[in-house]
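Data block below; observations after.
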Amino acid sequence: MFLISHVMIAKHVRNTRQEVVPVRLPAVALLVIVLGLSLAACRDTSKLGGGGGDVSGNADTGKTLFTAKGCGTCHTLAAVAGAAGTIGPTLNGIATTAGTRKPNMAAAAYIDESIKDPAVFIVPGYPAPNQGGMLLPVAVTDAERRDLVAFLAQQK
Ligand code: HEC
């Protein structure tokens, strides 16, 4: 009798393990993959190079780029025909607003950062529009970003 129940218990334990292990492993693996991808994304954006508060770019080119790069699909900006997006905050008056977003960060530097890596500072009320809560930067070269900063720094 003792022997039989012992065997039954041992079998029960084995079955329980078999049920649990296959469920847990994929969940852990998924977590590792997700974390890995997030870290990879962070590394990529930090490699984009920095223009800081540089406003020496060409503002006219910046205005053209604003439309060409699709900024107007998410942002409203009166100075640019057709820029009426509402996914992101309005950029009317951004030259002024930008200076108030982060303590000790000048307007142009903040605009530059917002283009280079939008997820560093999230404007309250504007959760990231894309999947996973991450806001990915629009692909622009350093020179293009300088032009965009020069243009937006004029939008008082
Ligand atoms: C897919 C939509 C989307 C596109 C395209 C997009 N943005 Fe944004 N942008 C956002 C959202 C959402 C925010 C607010 C969240 C945040 O602060 O990161 C934002 C924030 C900003 C801010 C800061 C605004 C503030 O009030 O502080 C600037 C500046 C900006 N974007 C510039 C640009 C420029 C320039 C482009 C084109 C190169 C661009 N964005 C393209 C969605 C977008």
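The values are calculated or read from the model by the stated rules, or taken from the named source; none is laboratory data. Model, not experiment: these values are computed from the prediction. Virtual Cβ from ideal backbone geometry, glycine too; neighbours counted across all protein chains shown.
If the condition is being of a type in the set (G, A, S), more than 9 Å from the ligand (Cβ to nearest atom), surrounded by fewer than 15 Cβ atoms within 10 Å (Cβ to Cβ) and modelled with pLDDT of 85 or more, then the range 107-156 contributes only A143. In the range 72-83, the residues that are assigned by TED's automatic domain parsing to the domain that holds P118 reach residues that are assigned to a loop (DSSP other than H, G, I, E, B) and of a type in the set (V, I, T) with C-beta atoms within less than 6 angstrom, at least six apart or across chains, in these pairs: G72/V80; C74/I87; T76/T90.
Scanning the range 52-67 for residues that are of a type outside the set (V, I, T) and more than 16 Å from A84 (Cβ to Cβ) gives G52, G53, D54, S56, G57, N58, A59, D60, G62, L65. Of all residues assigned to the range 93-104, at least one qualifies as being surrounded by fewer than 13 Cβ atoms within 10 Å (Cβ to Cβ) and modelled with pLDDT under 95.
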